[in-house]
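Data block below; observations after.
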Amino acid sequence: MRKLSDQDMKDLLSGGLILGCGGGGEPRTATALIEEVYRNGKDFCLVDVDEIDEEGIYCLVSYVGGGISEEENTLIKGLKSRLEHPIHKAAQELSRYIRKEFSGYYPSEIGARNTIAAMFVATALR
């Protein structure tokens, strides 16, 4: 397992932004996720392909959708979210439903936010 530095995460975010060709989420929100992990005293880690448990169960983590219009944004402005990070709850509930712990998490696509989202969930749930 390799601990990633702050520079590694910035490079990963830049690479995801370029390779995602504008898809895969906003870099601004991905940066906020990265900063939250570090604020909570946690680290991002990658495993070598040889370290992957072939018998393990892995969870695909992703935000879905292309955003909302300004009109829709105006309608929800000021509403408080019920969950700070629903993506955590989704992964936890799926694990509970299948009655198995996940061995790891991976993104559904290359992009700024979705690449970081899987890593964000992994740090929160380990």
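The values are calculated or read from the model by the stated rules, or taken from the named source; none is laboratory data. Small disclaimer: the values here were computed from a predicted structure and weren't measured. Glycine also receives a Cβ, built like all others from the backbone with ideal geometry; neighbour counts cover every protein chain displayed.
Of the helices (runs of 4 or more DSSP H) entirely within region 25-124, those holding at least 2 residues that are under 25 Å from Met9 (Cβ atoms) and without any contact (Cβ under 8 Å) to a residue 12 or more places away in the chain occupy 27-39, 86-98. Checking region 19-29 against the condition returns a match, with at least one residue being at pLDDT below 85, surrounded by 18 or more Cβ atoms within 10 Å (Cβ to Cβ) and under 20 Å from Lys89 (Cα atoms).
In region 6-19, the residues that are assigned to a helix (DSSP H, G or I) reach residues that are surrounded by fewer than 19 Cβ atoms within 10 Å (Cβ to Cβ) and β-branched (Val, Ile, Thr) with C-beta atoms within less than 6 angstrom, at least six apart or across chains, in these pairs: Gly16/Ile110; Leu19/Ile110. Summed over region 95-119, residues that are more than 22 Å from Ala30 (Cβ to Cβ) and among the hydrophobic types (A, V, I, L, M, F, W, C) total 1.
Is there a residue in region 36-50 that is surrounded by 13 or more Cβ atoms within 10 Å (Cβ to Cβ), under 16 Å from Met119 (Cα atoms) and touching a Gly at 6+ places or on another chain (Cβ under 6 Å)? Looking for residues that are surrounded by 13 or more Cβ atoms within 10 Å (Cβ to Cβ), under 16 Å from Met119 (Cα atoms) and touching a Gly at 6+ places or on another chain (Cβ under 6 Å), one finds none in region 36-50, hence no.
Rundown of residues vs (1) within 18 Å of Ile57 (Cα to Cα); (2) under 16 Å from the mean Cα position of the chain (by Cα), yes/no style:
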{"site": "Ser81", "(1), (2)": "no, no"}
{"site": "Ile87", "(1), (2)": "yes, yes"}
{"site": "Tyr97", "(1), (2)": "yes, no"}
{"site": "Ser108", "(1), (2)": "yes, yes"}
{"site": "Gly111", "(1), (2)": "no, yes"}
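State whether one or more residues within region 61-77 are loosely packed, with under 12 Cβ neighbours inside 10 Å, under 20 Å from Ile116 (Cα atoms) and either touching a Lys or Arg at 6+ places or on another chain (Cβ under 9 Å) or at pLDDT 90 or above (or both). Show your work before the answer.
If we filter region 61-77 for residues that are loosely packed, with under 12 Cβ neighbours inside 10 Å, which is where we start, we get 64-77.
Then drop every residue that is not under 20 Å from Ile116 (Cα atoms), which leaves 64-67.
Among the residues that remain, those that are also either touching a Lys or Arg at 6+ places or on another chain (Cβ under 9 Å) or at pLDDT 90 or above (or both) are: none.
No, that holds for no residue.
For region 95-121, a residue qualifies if it is β-branched (Val, Ile, Thr), surrounded by fewer than 23 Cβ atoms within 10 Å (Cβ to Cβ) and at pLDDT below 90, and exactly one does: Ile110.
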